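The values are calculated or read from the model by the stated rules, or taken from the named source; none is laboratory data. Keep in mind it's a predicted model, so treat the numbers as computed, not measured. Every residue, glycine among them, receives a Cβ derived from its backbone with ideal geometry; neighbour counts consider all protein chains shown. Surface areas here come from the heavy atoms of the whole protein model, side chains and all, with no ligands, DNA or RNA. Shrake-Rupley method; radii C 1.70, N 1.55, O 1.52, S 1.80 Å.
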Amino acid sequence: METTHRVFVGDSRDLAAVDDDTVELVVTSPPYPMIEMWDDLFTELDPAIGDALESGAGRRAFEAMHAQLDRVWDEVERVLVDGGIACINVGDATRSVDGSFRVFSNHARVLEAFESRGFDPLPDVLWRKPTNSAAKFMGSGTLPPNAYVTLEHEYVLLFRNGGDSRSFEPGADRRYEAAYFWEERNSWFSDVWTDVQGELQHLERPDDTDIEPSDQDTDLRDRSAAYPFEIPYRLITMYSAYGDTVLDPFWGTGTTTLAAMCAGRHSIGQELESGFREVFDERVERVPSLSRSVGRARLERHREFVEQRRADGKDLSYDAVHYDTSVVTKMERELLLREVVETDTVTDGYRAVHEPLFE
Ligand SMILES: C[S@@+](CC[C@H](N)C(=O)[O-])C[C@H]1O[C@@H](n2cnc3c(N)ncnc32)[C@H](O)[C@@H]1O
């Protein structure tokens with residue numbers, strides 16, 4: 001099996017290279033309005049934003065920034081199939097503008113934007129960012145009432161395009177083979193994720209060892225505001241089937257494409273800054289070993305789960321077809337993980353060759 005991964009440098013307020021109704025899933029993280037690191041970028045998109053910030057008109061700047069994102073959401077609506085899912089990772093912003101501290105609720109504004117475009121909001125996920133900060137308040141001293149809690153979570157907002165869910169032909173292999181394990185479902189479909197820096201995350205590092213990320217890696221992540229690999233990997237596994245195409249209109253360092261490759265889906269990314277392409281060329285070299293490690297880690301975790309469940313005297317009713325293991329539900333029987341065995345650069349992006357992952 002082969003997948004294609006197209007990457008375009010350009011402004012996603014116009015996704016000209018993507019045809020109507022050709023994408024089954026959107027997984028993305030926009031620049032967050034009112035977070036200072038994105039002020040210049042938003043001001044380039046609309047100079048009135050810089051003027052609003054300078055004159056201390058926080059609410060006007062916030063709205064003008066979201067007006068730029070809205071144009072990308074229009075494009076998302078155009079290219080996403082009926083019943084396709086959009087997963088938007090976004091955090092709120094705290095900021096003092098004109099001497100007054102407040103929160104700017106990006107998640108509420110993005111929710112409104114999607115609802116007004118005819119998307120159905122689905123229950124969302126809140127994930128907790130790791131923090132080293134000992135000071136869990138903002139403000140000064142330890143006297144009430146003028147300190148503020150620190151924002152340590154982000155949202156994955158989930159929307160379905162239109163009222164009807166996608167349908168598949170009965171028994172479709174590309175859906176049944178893309179099943180996730182029962183215990184993965186129980187953890188991934190909970191509304192608070194506290195473990196996104198653990199689990200598969202440590203595999204997304206050079207040499208697949210347990211080393212800490214290098215300063216260079218950390219610096220890159222800081223400058224690009226890359227999200228952890230585990231976020232798009234989970235979302236792609238939860239909300240798409242093999243053969244589907246995943247779009248990220250705020251591609252950054254290409255974490256979504258990396259996850260799509262490992263999950264055996266096609267992908268499309270578009271990014272304003274051309275420099276990130278080079279960064280991705282390095283990341284893509286690690287995809288064969290990363291995809292194998294991710295698949296093996298999932299199988300290993302499943303086996304540990306099976307062992308524990310047996311030890312607890314609980315039932316495991318079915319045998320997996322492709323792996324020497326039991327599973328809890330009939331729907332998991334056909335589950336077939338894939339690994340990337342080769343990647344190439346092609347016009348407009350990359351090609352990945354996949355084989356079934358066996359032990
Ligand atoms: C939060 S970062 C995304 C990081 C990405 N998820 C990753 O893992 O590397 C947002 C990205 O959107 C890009 N961007 C902002 N506005 C854009 C636009 N109008 N069109 C395309 N890309 C844009 C920024 O350059 C930045 O790389």
Using protein chains only and a probe of 1.4 angstrom, how many square angstrom of residue 343 are accessible, to the nearest 10?
40
Looking at the chain, identify the longest residue range that excludes and avoids all chymotrypsin sites (Phe, Trp or Tyr not before Pro) in DSSP loops having at most 12 other Cβ atoms within 10 Å.
190-357
Let me have the 222 nm mean residue ellipticity of the chain computed from DSSP H runs of 4+ only, each contributing -39500 (n - 2.57), with the sum over all residues rounded to the nearest 500.
-10500 deg cm²/dmol
Let me know the shape class of the range 225-298, please: from the alpha-carbon gyration tensor, a ≥ b ≥ c as square roots of the eigenvalues, rounded when a/c is under 1.5, otherwise prolate if a/b is greater than b/c, or oblate.
oblate
Placing +1 on each Lys and Arg Cβ and -1 on each Asp and Glu Cβ in the chain, then taking the dipole about the Cα centre, the residue among 141, 227, 347 whose Cα reaches farthest towards the positive end is 141
Using a 1.4 Å probe, how large is the accessible area of residue 274, given in Å² and rounded to the nearest 10?
80
Cα-based shape type of the range 35-162, given that a ≥ b ≥ c are square roots of the gyration tensor eigenvalues and the cut on a/c is 1.5:
oblate
Percent accessible area from carbon and sulfur atoms, the chain, protein chains only, probe 1.4 Å
47
Amide H to amide H, which residues 5 or more places from residue 104 or on other chains are under 5 Å from it, using H placed in the peptide plane?
93, 94, 95
GNM on the chain, C-alpha springs below 10 Å: top fluctuator among 291, 29, 190?
190
The chain, Gaussian network, Cα under 10 Å: of 277, 309, 234, the residue fluctuating most is 309
Å² of accessible area per residue within the range 275-319, as computed with a 1.4 Å probe and no ligands counted:
59
Between residue 105 and residue 51, with labels modelled 7 Å along Cα→Cβ, what's the label distance in nm to one decimal, could you check?
2.9
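Rounded, prolate or oblate, given the Cα gyration tensor of the chain, with a/c below 1.5 counting as rounded?
Verdict is prolate for the chain.
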Magnitude of the charge dipole, the chain, Cβ model with Lys/Arg +1 and Asp/Glu -1, debye to 20
960
Write down the percent of antiparallel bridges among all DSSP beta bridges whose residues are both part of the chain, to the nearest 5.
65
Given the options 228, 144, 30, which has the most mean-square fluctuation in a GNM of the chain, springs set between C-alpha atoms less than 10 angstrom apart?
144
Could you tell me the accessible area of residue 111 in Å² (1.4 Å probe, neighbours in place), rounded to the nearest ten?
50
Largest first, how would 110, 149 line up by accessible area (1.4 Å probe)?
149, 110
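Express the relative contact order of the range 223-359 as a whole percentage, based on alpha carbon pairs under 8 Å and six or more residues apart in sequence.
Here the relative contact order equals 19 percent.
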